[in-house]
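The values are calculated or read from the model by the stated rules, or taken from the named source; none is laboratory data. Everything numeric here is computed off the predicted structure, so don't read it as measured data. Backbone-built Cβ (ideal geometry, glycine too); neighbour counts: all protein chains shown.
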Amino acid sequence: MRKPKIVILGAGYGGLITATRLQKMMGANEADIVLINKNDYHYETTWLHEASAGTLHHDRVRYEIRDVIDRSKVEFVQDTAVEINKEEKKVILEKGEVSYDYLVIALGAEPETFGIKGLKEYAFGIVNVNSARQLREHIEYQFATYNMEEEKKDERLSIVVGGAGFTGIEFLGELANRIPELCHEYDVDFHKVRIICVEAAPMVLPGFDPELVNYATSYLERKGVEFMIGTAIKECTPDGIIVAKGEDEVKEIKAGTVVWAAGVRGNSIIEKSGFEAMRGRVKVQPDLRIPGQDDVFVIGDSSLIINEEINRPYPPTAQIAMQQGEVCARNLVALVREKSELEAFKPDIKGTVCSLGENDAIGVVYGKKLTGSKASFMKKMIDNRALFMVGGPSLVLKKGKFNIF
Ligand code: FAD
Ligand code: NAD
């Protein structure tokens, strides 16, 4: 009898958990499992702010996919998915195509630019290893160039961060630690550097605990970060940004570096392939399949699930992507074994911790508020846990964070 073919697109948190759980649960003769990813490595998306600021080398945030999969059960293909042909049940790749019986779309997110002029051309993102390397290098280049110019351009040393969501704040925490090092390395006066965070909403980390938000903003301000709250980026130019506070107050901020960290949308392949989506995210059924598509699962940042308590979508997180990966794997096993009942996914939110650089953080874990070294310890434990979930103790020993006290 022909074995069913399961194709997993993306080896991020959701995709790797699905693949590693399937390899444990399924016999080699039960299904052909193919994992497709554009790189031969997995990166910890949740550590990219560190690599982007240059506080952690980019090789520390990635590991070889082949090191964590059982190659006797999962075939790894390094390629880029271009489009899904759901009628013919195949995926078009840059270097070929692959057919499937069951498909798992776990392709993560892309930056949401809301059509703001100039962002795609002039702003940097915190998106993957390539973008992290580029941003780190760019900031360093600005510092290196500053003293080379006869007429000093102080704006070279201004860094704008658009968005004070979790990505923006975590990046600011790293940057605040990195700037004194860069000043020392490139003989630059610290007082010439500006780090400006522009947030459209009336508060930093909108919706998060106000006491913890206060802690974070005071901490970052003490380290030199300036906050412009209730102010939206309207345009990005080669020289900086145009912002607006209300209707009338429009002004230009000159900056050598603009970082866009103001939100994400689902992978563009979703819309390109004709799946119904909201900002690129598919509202999936409780069993994580696309309504009307019994053979296609969507998990992670490209999926959308509603928090019934507040009737709003859950924010896309690694925590949810990994939990979905577990349920998706169990549901695939059920389908292959021709069981009729599939499991409904229910997120188990253990908490949220936002780092403020290497030694400080804020968070709520199991309902308890944490700040300072306790929160920072918890954040590193969460980072190590993600490694453990995919690759067990050996991956933690190889890539884990042990600078915990
Ligand atoms: P990802 O983990 O992003 O993986 C997607 C994979 O698909 C990647 O390997 C990518 O290379 C691959 N891919 C993409 N397109 C293609 C293609 N066309 N073809 C082939 N392969 C492709 N969440 C938390 O819960 N806790 C945190 O502390 C946290 N911190 C964060 C910090 C930062 C700086 C950022 C940016 C996000 C953070 N998040 C955090 C959110 C979290 O990273 C995402 O929710 C999570 O990565 C989503 O997992 P995923 O599996 O959907 O996608
Ligand atoms: P986000 O959507 O959470 O935050 C984006 C911020 O940008 C918002 O505060 C928004 O008001 C602001 N913004 C939007 N348009 C703007 C404009 N024109 N000008 C200025 N500000 C503007 O996005 P994110 O921070 O990238 O996070 C993405 C997802 O990843 C979220 O679900 C988040 O929870 C998750 N994440 C979690 C962690 C963590 O748990 N530690 C860390 C990073 C990201």
Practice task
Inspect all residues belonging to the range 220-241 and state whether any of them is more than 14 Å from ligand 2 (Cβ to nearest atom), free of Cβ contacts under 8 Å to residues at least 24 places away in the same chain, assigned to a helix (DSSP H, G or I) and over 30 Å from ASN331 (Cα atoms).
Solution key: yes
Practice task
Determine whether the range 62-80 contains at least one residue that is modelled with pLDDT of 95 or more, part of a strand (DSSP E or B) and of a type in the set (Lys, Arg).
Solution key: yes
Exercise for the section: Scan the range 381-397 and report the pairs whose first residue is of a type in the set (Asp, Glu) and whose second residue is outside any helix (DSSP H, G or I) and away from ligand 2 (no atom under 16 Å from the Cβ), with Cβ atoms within less than 9 Å and a gap of 6+ or a chain change. Expected result: ASP383/GLY400
Fill in the blank from the handout: Output for Cβ contacts, cut-off 6 Å, separation at least six or different chains, first residue under 12 Å from GLY391 (Cα atoms) in the range 9-23, second within 16 Å of ligand 2 (Cβ to nearest atom), reads TYR13/ALA318; TYR13/ALA321; TYR13/MET322; ILE17/MET322
Problem - Boolean, VAL91 is in a strand (DSSP E or B), out of contact with any Leu (no Cβ under 7 Å at 6 or more places or on another chain), surrounded by 14 or more Cβ atoms within 10 Å (Cβ to Cβ) and not polar (S, T, N, Q) - result: no
Exercise for the section: Look at the range 94-136 and say how many of its residues are among the hydroxyl-bearing types (Ser, Thr, Tyr) and within 23 Å of PHE275 (Cβ to Cβ). Expected result: 4
Exercise for the section: Take the residues in the range 270-296 that are among the small types (Gly, Ala, Ser) and buried (at least 18 other Cβ atoms within 10 Å of the Cβ), then tell me which one is farthest from the chain's Cα centre (by Cα). Expected result: SER273
Exercise for the section: Find the residue count for the range 187-211, including only residues that are in a helix (DSSP H, G or I) and buried (at least 20 other Cβ atoms within 10 Å of the Cβ). Expected result: 0
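Yes or no: the range 95-103 includes at least one residue that is more than 10 Å from ligand 1 (Cβ to nearest atom), aromatic (Phe, Trp, Tyr) and more than 18 Å from the chain's Cα centre (by Cα).
Yes, the range 95-103 contains at least one residue that is more than 10 Å from ligand 1 (Cβ to nearest atom), aromatic (Phe, Trp, Tyr) and more than 18 Å from the chain's Cα centre (by Cα).
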